[in-house]
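The values are calculated or read from the model by the stated rules, or taken from the named source; none is laboratory data. Model, not experiment: these values are computed from the prediction. With ideal geometry, Cβ positions are generated from the backbone for all residues, glycine too; neighbour counts draw on all protein chains shown. The protein model used for the area step is the full one, side chains on, heavy atoms only, and it has no ligands, DNA or RNA in it. Shrake-Rupley method; radii C 1.70, N 1.55, O 1.52, S 1.80 Å.
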Amino acid sequence: MRTNDHLPGRPAVRAAASMLLLPLALATSSPASAQLVVHHPFGMLVAGGAEMGDAQSRLFGCVGPIAAAPSDDDLRIAPAVGALLNQATTLVVSVDVTAVPGRGVAVSASLDSPFGADAVAAVAFRRTGDREYTRAAFAGSDEPGKTHGGVLPAEIASERGIDYVITTDSGPFRLTFPEGASEAVPGRIPVRLEGHAPEELGTEAETYRMVAFAASLDHPDRPDRVFGDDLGPHDRDRWRLLRWSPASGRYEEHDDGTTLPEVEPGRAYWLVTREAGNLDLDGWSPVPPPGGYEVRLEAGWNQIANPYAFPVALGAIVVEVGQEVLTLAQAVERGWLEENPLHAYVDHRYVTSGDRLEPWSGYFVANLDPGRRTMTWRVPDVAAPDGRPGSTPTPEWEGWRLHLVAQQGRAAEEVTVGTAAGADDRLERSDALAAPGSPGGDLSFSLVGGQSRGFALSRDIRGESVMQRWTAHLEGGTKGETTVSAALEGALPVGTSLAIVDQQTGRRYDLSSGRAEFALGLSSGTRPLEIVLGPAAPGVPATGLGPIQPNPAREFATLTFALAGDGPAELQVFDAAGRRVRALLARGERAGIHTLVWDGRDDRGTPLPGGTYFVRLTAAGEHHTARVTLLH
């Protein structure tokens, strides 16, 4: 058997396992001596050296380092060789099984066929993720027994990796290398990355950012090895690495007694460094399995990433839940994902990302499956079309919206409330979730309560009503002055007014002009703000109770009431037997619209059983009652 280990101009071989030699068919019609060399992840396996016939071969030795005993998978090519023993065509292929950025990849073929000029060998190649192949025939490959080859261009050896397939048409037969490969399921050549420093992995001093690694790293289970060469030994004062745990609903940190998952493609992490700089990494370009990488999403929030070094269209992702296989759009229709599920952290604030996963970038995504089943995203190894990423579509609805922006230095967060025809007080497509705050305690602004399945919201659009109330929580940041600006879009329902109430001071900011701006000092904890929509009768509203939201309620219920004048007011909760179980309010209040939250507990703080309860407002000699149902 002929092999070509010394092709002129071929890059130097770094180790025994850096070259692959494989005969796809053996020229014999009777038992013959032959050799078969197959690449193994830990070295090279050599089969042959004995009489081969009747589709039989045996493994007899190995060359180069090998860290584990061969498995049955190592022998899977032997039957195919035997099946081809009686064909009179010999194809010997040599391909570099690893590549280095900026260096060409050597490929050669020796073809010996009785079909003469009708037997031609060719190679198709591309960067992993590209849609089109470049195809080239081996010059003169129809000359029997002569080795022909070339070098794939250096520009395809990149952080993406290389796809290739070699074919030979020999009379009525077509042989491919790797065995069974096609342009749809090609062979893969990983590219060695040493000191690779993508621009996206640059760090800003003392600033949390989400990072991801579109590479198979040398030490994925050792973050200190991955980051230590750039950032120094792990020291919380120098750098920190954290990841959100869906199971615990909190961040887990490297070296705090917990074990973070391996640093691998498809996962995102929070990283903060004391000094600005660039991370470099050592490893290999990703080699995805057939069908693409699988990214698992547990129930609730998950930190995920693009597993590839190229952008992937969001619409190309396949979603699997249990036995069901859906498109991403179908999962949105089921209510298992948000309309725009990607939450990226950019310039100290969350933004709802566009229509594709960007490389080296991390995201928060919420698995909203009511059954709390694990969801799998199958991310295809196909790059999104060139061009700028699409913008996140703005939901369209008739009604009004109030945009509130909290600004503190460079950090800014926005929430939106409103009502619309056809909207629903439950979590739905017109709403948007608020991702968990950064581990550094950056400014956080979110909407809480309501029927949001326990998730905080950044946008809450409800059904049309003349009385509504939202609670926004402002927290974190540098504990300094925070500016809140509000802008009304659209027209309020006729006869209503809108206001923001600072629950800490009781100060009310009227939005009759459609705009408001005020400064708040964040000392510690949470600063609650109430956004209240209510009747705008001449002078003052009539005393009364507004709708209870939600109703039925599982845990929290928001109560809205109006007072026609200043004076004492009582708000109490009674059970179905008429026993008072909770006194919510007993003090003097100013005229206007007020809101508060009942947590479903009695005066002792004990959760009340499910059932029917009555809320009674007493003010200015009047009594007003509303019914509410608790669910448990």
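Test Asn367 against the criterion of being buried (at least 16 other Cβ atoms within 10 Å of the Cβ) and in contact with a Leu (Cβ under 7 Å, 6 or more places away or on another chain), and give yes or no. It is true that Asn367 is buried (at least 16 other Cβ atoms within 10 Å of the Cβ) and in contact with a Leu (Cβ under 7 Å, 6 or more places away or on another chain). Among residues of the range 315-340 that are in contact (Cβ under 8 Å) with a residue 24 or more places away in the chain and over 11 Å from Trp377 (Cβ atoms), those with a beta-carbon under 6 Å from a residue that is in a loop (DSSP other than H, G, I, E, B) and of a type in the set (D, E, K, R) at least six positions away or on a different chain give the pairs Gly322/Arg373; Val332/Glu339; Trp336/Asp369; Glu339/Arg429. Take the residues in the range 478-521 that are closer than 22 Å to Ala562 by Cα and either in contact with a helix residue (DSSP H, G or I) (Cβ under 9 Å, 6 or more places away or on another chain) or among the acidic types (Asp, Glu) (or both), then tell me which one is surrounded by the most Cβ atoms within 10 Å (Cβ to Cβ). The residue in question is Asp502. When the residues of the range 292-306 are narrowed to those that are part of a loop (DSSP other than H, G, I, E, B) and small (Gly, Ala, Ser), which ends up surrounded by the most Cβ atoms within 10 Å (Cβ to Cβ)? Step by step, filter the range 292-306, then rank; the result is Gly292.
Among all positions in the range 280-289, there is no residue which is farther than 21 Å from Pro220 by Cβ and open to solvent by 50 Å² or more (accessible area, probe 1.4 Å). Looking only at residues in the range 200-223 that are assigned to a loop (DSSP other than H, G, I, E, B) and touching a Pro at 6+ places or on another chain (Cβ under 7 Å), the one that is most open to solvent (accessible area, probe 1.4 Å) is Tyr208.
Could you please find all residues in the range 521-538 being in a strand (DSSP E or B), modelled with pLDDT under 85 and within 18 Å of Trp470 (Cβ to Cβ)?
Initial filter on the range 521-538 (in a strand (DSSP E or B)): 521, 526-535.
Subset that is modelled with pLDDT under 85: 521, 526, 534-535.
Once the filter is applied, which keeps residues that are in a strand (DSSP E or B), modelled with pLDDT under 85 and within 18 Å of Trp470 (Cβ to Cβ), the range 521-538 yields Thr526, Gly534, Pro535.
Being crowded, with 17+ Cβ neighbours inside 10 Å, farther than 17 Å from Val382 by Cα and hydrophobic (A, V, I, L, M, F, W, C) is the filter here; which residues of the range 341-361 pass it? Correct list: Leu342, Ala344. Entry remark, the range 233-268: residues being of a type in the set (Ser, Thr, Tyr), touching an Asp or Glu at 6+ places or on another chain (Cβ under 8 Å) and surrounded by 14 or more Cβ atoms within 10 Å (Cβ to Cβ) number 1 in total. For Leu326, the requirement of being crowded, with 16+ Cβ neighbours inside 10 Å, at negative phi and out of contact with any strand residue (DSSP E or B) (no Cβ under 7 Å at 6 or more places or on another chain) is not met. Every listed requirement among (1) open to solvent by 10 Å² or more (accessible area, probe 1.4 Å); (2) touching a helix residue (DSSP H, G or I) at 6+ places or on another chain (Cβ under 9 Å) is met by Leu271 save one, (1). From the residues in the range 307-318 that are in a loop (DSSP other than H, G, I, E, B) and touching a strand residue (DSSP E or B) at 6+ places or on another chain (Cβ under 7 Å), which one is surrounded by the most Cβ atoms within 10 Å (Cβ to Cβ)? Per the criteria, the residue is Pro307.
Identify all residues within the range 553-567 that are open to solvent by 20 Å² or more (accessible area, probe 1.4 Å), out of contact with any Lys or Arg (no Cβ under 6 Å at 6 or more places or on another chain) and over 17 Å from Gly611 (Cα atoms); write none if there are none. Residues satisfying the conditions are Ala564, Gly565, Gly567. Out of Arg372, Arg388, Arg378, report the one residue that is at pLDDT 90 or above, more than 26 Å from Gly437 (Cβ to Cβ) and open to solvent by 50 Å² or more (accessible area, probe 1.4 Å). Of the residues listed, the single one that is at pLDDT 90 or above, more than 26 Å from Gly437 (Cβ to Cβ) and open to solvent by 50 Å² or more (accessible area, probe 1.4 Å) is Arg378. Looking only at the range 605-612, decide whether some residue is under 21 Å from Arg507 (Cβ atoms), open to solvent by 20 Å² or more (accessible area, probe 1.4 Å) and assigned to a strand (DSSP E or B). Among the residues of the range 605-612, not one is under 21 Å from Arg507 (Cβ atoms), open to solvent by 20 Å² or more (accessible area, probe 1.4 Å) and assigned to a strand (DSSP E or B), which makes the answer no.
Just so you know, in the range 431-474 the residues that are of a type in the set (Gly, Ala, Ser) and without any contact (Cβ under 8 Å) to a residue 40 or more places away in the chain include one that is most open to solvent (accessible area, probe 1.4 Å), and it is Gly454.
The residue that is farthest from Phe177 (Cα to Cα), counting only those in the range 102-124 that are open to solvent by 20 Å² or more (accessible area, probe 1.4 Å) and at pLDDT 80 or above, is Arg103. Per the listing Val379, Val351, the residue uniquely β-branched (Val, Ile, Thr) and farther than 16 Å from Val295 by Cα is Val351. Any residue in the range 549-556 that is in a strand (DSSP E or B) and among the aromatic types (Phe, Trp, Tyr)? No: zero hits.
Criterion first (of a type in the set (Ser, Thr, Tyr), open to solvent by 70 Å² or more (accessible area, probe 1.4 Å) and part of a strand (DSSP E or B)) does Thr625 satisfy it?
Working: of a type in the set (Ser, Thr, Tyr): yes; open to solvent by 70 Å² or more (accessible area, probe 1.4 Å): yes; part of a strand (DSSP E or B): yes.
Yes.
So that you can scan it fast, the table gives a plain yes or no per residue for (1) modelled with pLDDT of 90 or more; (2) under 22 Å from Arg554 (Cβ atoms):
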{"residue": "Ser430", "(1), (2)": "no, yes"}
{"residue": "Gly437", "(1), (2)": "no, no"}
{"residue": "Gly441", "(1), (2)": "no, no"}
{"residue": "Gln451", "(1), (2)": "no, yes"}
{"residue": "Gly463", "(1), (2)": "no, yes"}
{"residue": "Trp470", "(1), (2)": "yes, yes"}
